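What follows is a short report on a single structure.
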Amino acid sequence: MKATTIYLSALFSTALAGLTFAQENPLATDTGIINPDATANAFPKHGFSPYAGRNYPARVLWGDQHVHTGWSVDAGAFGNTLGPEEALRFARGEEVVSSLGEPAKLSRPLDWVAVTDHSDAAGVIFEIRDGNPMLMADPLPKRWHDLMASGEGVQAASEMIAAQSNNKIPAAMKDPKLALSVWEKNTSIMEKYNEPGRFTAFIGYEWTSNAGGGDNLHRNVIYRDGKDKADKAIPMTTFDSENPEDLWNWMANWERSTGGSLLAIPHNGNLSNGKMFALNTFLGNPLTREWAEARARWEPMYEVTQIKGDGETQPSLSPTDEFANFEKWDQANLAGVPKEPGMLEREYARRALQEGLKLEQTLGVNPFKFGLAGSTDSHTALATAEEDNFFGKHTGVEPSPDRWEHTVIKTEQVNIRGWQMAGSGYTGVWATENTREAIWDALKRKEAYSTTGPRMTVRFFGGWDFDAKDAQTRMPAEAGYAKGVPMGGDLQRAPEGKAPTFLAAALKDPLSGNLDRIQIIKGWVDAEGALHEKVYDVAWSGDRKPSADGKLPPIGDTVDVENATWTNTIGASELIVAWKDPDFNPSLRAFYYVRVIEIPTPRWTAYDQKRFGIKMSENVPMTVTERAYTSPIWYTPEG
């Protein structure tokens, strides 16, 4: 079916809206299935004003769910002197001074942030730096203190990561009294800066499993509640266990004992050496329904893009996808152990979403039914994801003429350099208000999406009756919610003779590039259990026409690398389309998500080259095609 594309100059001027539908599947944590009875409360009868009485989100709220400060061992060791307070002030839009003395400020404030310092030895790094006598009595912390004092923080950080990965952290660094005092100080800072209605400061931490000596299985644990409940237990560390199942049990016990609510967002899997989406348990046992239920419950979102590369898909897994080779970190795990054949297919979101459909057929529950989040994973305390304002992973690669050459991970077989850092990313959330509760609830139901940095506005709805007229309305969200479900939702039991239809809309970030196209990515499992995927170009700018093989010609490139600029003389400011799946089989499980592609713009490396008057190697990319990934909508034949 040919896509219907409409360009509306004021499409989003009323701010697209959202609605939470009644949940009918107790095992699911998504928005739910189509429930026509729920629309009465969402679209009440009104008089003259079409906005009066609305009780659904009025705008997308932008945030970063993964930010580290100098309180994290691997940040403080590099010389990061900024703590949670500076991280929150920066995210709120204030100007701060970086650890290296550079003034820093966001182009626009964020709406929310989760400061997620590593739970393992949180805050202890400053004690090591300052020479705490209790810690200096142990030769290892004393060595790390000396390395940091002599300017060898990178070496100190590398040794600390290796010690943590191999359970060799000195006992003095695990002191529970010290951990409690740091945690209570942290939660007090979050309360100080949390301002309901204006800015949300989530309480959270990163549980930092580096299983097997560097296989990254980290999870960011996000609290819905405040200090009163968070202080009832110190965060779980990998000193207790490196097994994610034990983290889920800890979360369950915490909820039972406090009455609070938690969720976890896994780190993108490209440093896990095939373990993030392994088809067995952490201990190597077969997967069970109980395991699948636990993972689906506690991990409703997944970090698909961040500074250490993009985790949507990979060329060897998606050979017909021309946008698959984007900001890859495919060499090794966190400790530099090289990858072996077969690992990549257990590290990427799209393949995991496919495997989830297959596992649901045998286990009865889809363990990989997650939405897609973005983050910076910044270790500078500065949540910078814009290419022209990129402060890097840690203080060792903050802006400088030679940071592009710096070593990030190096072993005999692996060498990851500074230029391979990705200027990514943020999470957009459709929430009813800017509060912990509303944003957390939207993440839980997966009504959220990721971008690689730009703040493009994206809507995605699925149903059975969308048509071209729905793409012409001034308020497409009303059609979206009245006829279907938003991103994160479910379609079940296809009506006789019908295929799913989708309403997808995107509005450019005013400070970034125009839009190239909207794509819908479909994944499914056939009757024999084989995994399939297909990328559909459903809306695009200009007069381009697909070729005989169905591929849309490239948009072009206006980037002036020498001057680190571009012109928005190609592409569109807005795209919207109503699209029907032309290849639908009602008997097969499937998922659909939207990917929005921008026109090429300068990468952070081009800005550095221009500002510092340097010349980088020919292999260093100078342009980037920024993008957004929505959370999926799933189709299940039964239900």
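Table for the structure above
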{"quantity": "Of all residues in segment 47-105 being in contact (Cβ under 8 Å) with a residue 60 or more places away in the chain and of a type in the set (Asp, Glu), the one that is farthest from residue 429 (Cα to Cα)", "calculated": "102"}
{"quantity": "Filter result (touching a helix residue (DSSP H, G or I) at 6+ places or on another chain (Cβ under 9 Å), outside any helix (DSSP H, G or I) and modelled with pLDDT under 90) within segment 51-80", "calculated": "54, 55, 56, 57, 77, 78, 79"}
{"quantity": "Among the residues listed as 373, 385, the single one being buried (at least 24 other Cβ atoms within 10 Å of the Cβ), of a type in the set (Gly, Ala, Ser), part of a strand (DSSP E or B) and under 15 Å from the mean Cα position of the chain (by Cα)", "calculated": "373"}
{"quantity": "Only one of 463, 488, 523, 484 that is touching a strand residue (DSSP E or B) at 6+ places or on another chain (Cβ under 7 Å), closer than 27 Å to residue 599 by Cβ and open to solvent by less than 10 Å² (accessible area, probe 1.4 Å)", "calculated": "523"}
{"quantity": "Those residues of segment 437-460 which are in a helix (DSSP H, G or I) and either buried (at least 21 other Cβ atoms within 10 Å of the Cβ) or hydrophobic (A, V, I, L, M, F, W, C) (or both), in sequence order", "calculated": "438, 439, 440, 442, 443, 444"}
{"quantity": "Hey, residue 395 polar (S, T, N, Q) and farther than 30 Å from residue 337 by Cβ or not", "calculated": "no"}
{"quantity": "Condition broken by residue 380, with the remaining ones in (1) under 19 Å from the mean Cα position of the chain (by Cα); (2) outside any loop (DSSP other than H, G, I, E, B) satisfied", "calculated": "(2)"}
{"quantity": "Answer residue from segment 332-356, given it is assigned to a loop (DSSP other than H, G, I, E, B) and out of contact with any helix residue (DSSP H, G or I) (no Cβ under 9 Å at 6 or more places or on another chain) and is surrounded by the most Cβ atoms within 10 Å (Cβ to Cβ) among those", "calculated": "343"}
{"quantity": "Segment 567-587 residues that are under 23 Å from residue 479 (Cα atoms), paired with ones that are exposed (fewer than 15 other Cβ atoms within 10 Å of the Cβ) and not aromatic (Phe, Trp, Tyr) (beta carbon under 7 Å, 6 or more apart)", "calculated": "578/467; 578/468; 580/1; 582/1"}
{"quantity": "Unmet requirement for residue 508, which otherwise passes all of (1) open to solvent by 10 Å² or more (accessible area, probe 1.4 Å); (2) closer than 14 Å to residue 59 by Cα", "calculated": "(2)"}
{"quantity": "Selection status of residue 555, closer than 27 Å to residue 450 by Cβ, of a type in the set (A, V, I, L, M, F, W, C) and either part of a loop (DSSP other than H, G, I, E, B) or open to solvent by less than 10 Å² (accessible area, probe 1.4 Å) (or both)", "calculated": "yes"}
{"quantity": "Of all residues making up segment 290-330, the number that are open to solvent by 30 Å² or more (accessible area, probe 1.4 Å) and closer than 24 Å to residue 207 by Cβ", "calculated": "3"}
{"quantity": "Flag if residue 520 is within 18 Å of residue 583 (Cβ to Cβ) and either of a type in the set (Asp, Glu) or in contact (Cβ under 8 Å) with a residue 12 or more places away in the chain (or both)", "calculated": "yes"}
{"quantity": "Residue pairs meeting the criteria (Cβ under 6 Å; at least 6 apart or on separate chains; first more than 24 Å from residue 61 (Cα to Cα), in segment 453-478; second open to solvent by 40 Å² or more (accessible area, probe 1.4 Å) and assigned to a strand (DSSP E or B))", "calculated": "468/4"}
{"quantity": "Flag if residue 209 is closer than 17 Å to residue 333 by Cβ and either more than 25 Å from the chain's Cα centre (by Cα) or in contact (Cβ under 8 Å) with a residue 24 or more places away in the chain (or both)", "calculated": "yes"}
{"quantity": "Check on residue 469, assigned to a loop (DSSP other than H, G, I, E, B) and not hydrophobic (A, V, I, L, M, F, W, C)", "calculated": "no"}
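Let's see how each residue does on (1) farther than 27 Å from residue 217 by Cβ; (2) in contact with a strand residue (DSSP E or B) (Cβ under 8 Å, 6 or more places away or on another chain); (3) among the charged types (D, E, K, R); (4) open to solvent by 20 Å² or more (accessible area, probe 1.4 Å):
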residue	(1), (2), (3), (4)
89	yes, yes, yes, yes
94	yes, no, yes, yes
101	yes, no, no, yes
105	yes, yes, yes, yes
118	no, yes, no, no
121	no, no, no, no
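For (1) part of a loop (DSSP other than H, G, I, E, B); (2) of a type in the set (A, V, I, L, M, F, W, C); (3) more than 30 Å from residue 386 (Cα to Cα), each residue gets a yes or a no:
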| residue | (1), (2), (3) |
| --- | --- |
| 82 | yes, yes, no |
| 110 | yes, yes, no |
| 131 | yes, no, yes |
| 145 | no, no, yes |
| 163 | no, yes, yes |
| 167 | yes, no, yes |
| 177 | no, no, yes |
| 181 | no, no, yes |
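The values are calculated or read from the model by the stated rules, or taken from the named source; none is laboratory data. Given the structure is predicted, the values throughout are model-derived calculations rather than measurements. No Cβ is skipped: glycine too gets one built from the backbone with ideal geometry, and neighbour counts run over all protein chains shown. Ligands, DNA and RNA are stripped out before the accessible areas are found, and what is left, the full protein with its side chains, is counted by its heavy atoms. Shrake-Rupley method; radii C 1.70, N 1.55, O 1.52, S 1.80 Å.
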